[in-house]
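Taking it in order: structure first as structure tokens, then the write-up.
Only the coordinates and a few stated rules stand behind these numbers; no lab work does. Computed from a predicted model, the values in this text were never measured in an experiment. Neighbour counts are summed over all protein chains in view; Cβ atoms, including those assigned to glycine, are modelled from backbone coordinates with ideal geometry.
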Amino acid sequence: MFGARVTALLLVGFSAYAPWARGGDVRLAVLAGNNRGGDERPVLSYAGSDARRLGEVLTRLGGFPADGVTVLEDRSRGEFLSALNEANRRLRGAPSGEKSLLLLYFSGHSDGERVFLGDEALSLAELRTLLNGSPATVVVAILDACNSGAWIRAKGGTLRPPFLQLDDFSRTRGRIVLTSAAQGELAQESDDIGGSFFTHFLLSGLLGDADEDGNRRVSLHELYAYVYQQTVHRTVDTLAGTQHPAFSYELSGEGSLVLSELDSGGSGILLAAAESGTFLVFDHKRRRVVAEIHKEPGERRLVPLPAGEYLLKKRLVAGLLQARVRVDDGLFREVDTAAMEFSPFEDPAVKGWDLLLSEKRSPLALYAAGGVLAFGIAPAGGAWWLPLAGARLVFHGWPARRWGVEADFLAGGTPQSLPLPERRAQFTLVGVSASGGVFREFSLGPLSARAGASSGLLYLERRFDSTGYGGADRTLGADLAAQVGGQIRLGGFMLGLRLSAGAYLFPFADRVVAPFIFGGLEAGWGLLD
């Protein structure tokens with residue numbers, strides 16, 4: 001999924017001497033995530049969660065006190081500016097000569113000139129003025145945005161090479177800008193990783209995957225080189241196109257910009273020296289990606305994580321290795337891939353389909369459904385087929401992932417006739433059906449197939465006209481059926497077909513057992529985000 005998205009990470013006043021990285025400084029953060037950018041823009045999925053995840057990393061590894069981090073989710077323009085002004089006020093009140101850091105992170109929609117907070121907008125020029133007026137030593141702006149590279153050029157900075165040497169960072173006063181996409185490029189977010197590509201690798205890098213020299217500290221130079229490489233690699237084959245993070249700075253002074261210190265995390269996962277490959281770490285409770293780890297053999301890797309339950313996955317050619325890992329306070333839990341459980345891939349992966357055709361599936365969907373019910377043996381004279389239409393409610397992902405349950409209510413009627421010795425008796429066949437079922441889904445991008453079983457009740461009534469017997473007769477039956485179907489998702493809209501076959505039991509009809517087939521179409525819309 002992609003859209004006009006901006007993530008601004010502004011480190012204001014970051015003097016980055018290694019000695020200053022752990023004490024004697026004032027550190028404040030304002031982290032804002034806005035999924036909405038007005039009615040004319042699509043709702044993003046991960047702006048708020050990206051802001052929360054960054055706050056968690058900053059308090060654990062970046063030296064930020066809990067009361068110094070303010071997280072704003074889907075707040076107004078006024079609340080955003082108020083939080084920024086309050087942070088600047090606190091910085092002005094800091095003791096003279098004390099180092100200070102203000103980190104401002106904005107995630108949401110942008111058009112290259114403005115950022116959008118719900119139905120309101122804030123120009124980048126106004127935001128830039130506020131930052132330039134901050135009592136800061138260094139300003140670092142990181143923008144995860146469509147066309148975010150335009151801010152660097154508008155600001156008058158210089159685009160630097162994507163990979164920088166440490167000497168390029170031997171300064172401690174000035175301004176730094178890091179963007180996720182060059183001018184004219186789209187910034188993308190992904191359901192697979194539960195966030196934007198750029199911010200996903202930003203957080204993974206801060207958790208240690210960007211520690212190139214192995215000194216347990218992640219510098220800005222290491223982080224940018226890592227994020228650039230991984231973002232380009234991951235987006236090169238998406239339909240939205242490759243993202244090229246860009247970098248600009250105007251600094252003076254001495255020192256190396258250290259953004260996280262891994263030894264400040266007292267618990268986590270340990271990968272032994274012999275292990276290698278790409279690992280994904282999931283928060284088991286929140287069901288989201290926490291970090292991506294690229295490991296070479298010959299080095300131990302400590303991944304700092306708070307205490308909790310995690311799911312570690314390693315991708316192989318034919319499937320995944322998986323292990324559930326519990327991390328306790330003060331301990332690093334070693335993971336041995338030989339003890340991980342192997343599971344084959346359930347579905348082939350087609351990269352880019354979801355960007356074009358579908359968003360993530362809604363767990364609850366309402367369909368308009370219709371079709372034709374045909375009997376192999378008529379339960380009563382002349383009752384061979386019946387058109388039905390109505391509504392179907394479907395719960396996807398329950399009772400387990402890739403499973404679903406459904407309930408439908410259909411009704412219909414059609415003229416029929418019953419042959420008599422001297423004439424044909426005309427009647428109207430009326431039916432009302434209520435049923436429920438369970439199914440298993442198999443997905444390929446926006447396409448899905450399903451197979452399952454259903455059971456329900458069918459009320460039938462023959463209403464004879466004056467040429468027949470007059471009056472009406474009725475019966476009630478119960479069925480058991482197998483069903484198959486297919487579906488295509490177009491954003492929140494879904495179009496599908498259904499085929500089922502089984503048998504009805506009519507205890508009070510002329511023929512007690514009546515086999516049947518049903519074929520029909522359905523069109524629906526997701527009810528939940």
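Of the GluC sites (Glu not before Pro) found in the range 427-529, not one falls in a DSSP loop while having at most 13 other beta-carbon atoms within 10 Å. Label positions at I488 and D191, each projected 7 Å from the Cα along the C-beta direction, are separated by 1.7 nm. Of I142, I517, I293, the sequence from fewest to most neighbouring Cβ atoms within 10 angstrom is I517, I293, I142.
How many angstrom lie between the C-alpha centres of the range 282-314 and the range 440-516? One Cα centre to the other: 47 Å. Amide H to amide H, with H built 1.01 Å from N, R402 comes under 5 Å of G397, counting only residues 5 or more places away or on other chains. Cβ crowding within 10 Å, taken as a proxy for footprinting-reagent exposure, orders S276, S219 from fewest neighbours to most as S276, S219. Taking the empirical scaling 2.2 N^0.38 Å for compact globular proteins as reference, the range 389-483 has a Cα radius of gyration ratio of 1.52. The L505 and E296 beta-carbon pair, evaluated with R₀ = 60 Å, returns a calculated FRET efficiency of approximately 0.40. The calculated FRET efficiency for F342 paired with T70, based on their beta-carbon distance and R0 = 51 Å, is about 0.70.
Couplings 3J(HN,Hα) for the range 64-72, derived from phi with the Karplus relation 6.51 cos²θ - 1.76 cosθ + 1.60 (θ = phi - 60°), are 8, x, 4, 7, x, 10, 10, 10, 10 Hz, where x marks Gly and Pro.
The share of Cα pairs per 5 Å bin across the range 387-439, counted from zero up to the longest distance, runs 5, 17, 17, 12, 12, 10, 9, 7, 6, 4, 2, 1 percent. For the range 76-96 versus the range 178-234, the spacing of their alpha-carbon centroids is 28 Å.
Which of rounded, prolate or oblate describes the range 265-344 when judged by the alpha-carbon gyration tensor and an a/c cut-off of 1.5? Oblate, since a/c reaches 1.5 and b/c is not below a/b. Under 5 Å from the amide H of L364 lie the amide H atoms of H396, L527, L528, each residue being 5 or more positions distant or on a separate chain, with H modelled from the backbone and absent for Pro and chain starts.
Each other residue within a Cβ distance under 11 Å of L262 adds +1 if Lys or Arg and -1 if Asp or Glu, for a net charge of 0.
Here the Karplus curve 6.51 cos²θ - 1.76 cosθ + 1.60, taken at θ = phi - 60°, turns the phi angles of the range 100-113 into couplings of 9, 9, 10, 10, 10, 10, 10, 10, x, 9, 8, 10, x, 10 Hz, with x standing for Gly and Pro. Less than 5 angstrom separates the built amide H of S107 from those of A8, A32, G33, N34, all sequence-distant by 5 or more or on a different chain. Show which aspartates and glutamates lie in cross-link reach of K295 when reach means a straight Cα distance below 15 angstrom and same-chain residues fewer than eight apart are skipped. Within the straight-line cut-off, K295 pairs with D209, D211, E212, D213, E275, E334, D336. Over all distinct Cα pairs, what is the inverse of the mean 1/r for the range 355-526, reported as the Kirkwood hydrodynamic radius in Å? By the Kirkwood definition, the hydrodynamic radius is 17.1 Å. Counted by Cβ distance under 15 Å from A368, the other residues give a net charge of -1, where Lys and Arg count +1 and Asp and Glu count -1. Each residue of the range 393-399 is assigned a 3J(HN,Hα), and the resulting list reads 10, 10, 9, 8, x, 9, x Hz, derived from the Karplus form 6.51 cos²θ - 1.76 cosθ + 1.60 (θ = phi - 60°), x at Gly and Pro.
Looking at the range 386-474, the chymotrypsin sites (Phe, Trp or Tyr not before Pro) that sit in a DSSP loop and have at most 16 other Cβ atoms within 10 Å of their own Cβ are Y469.
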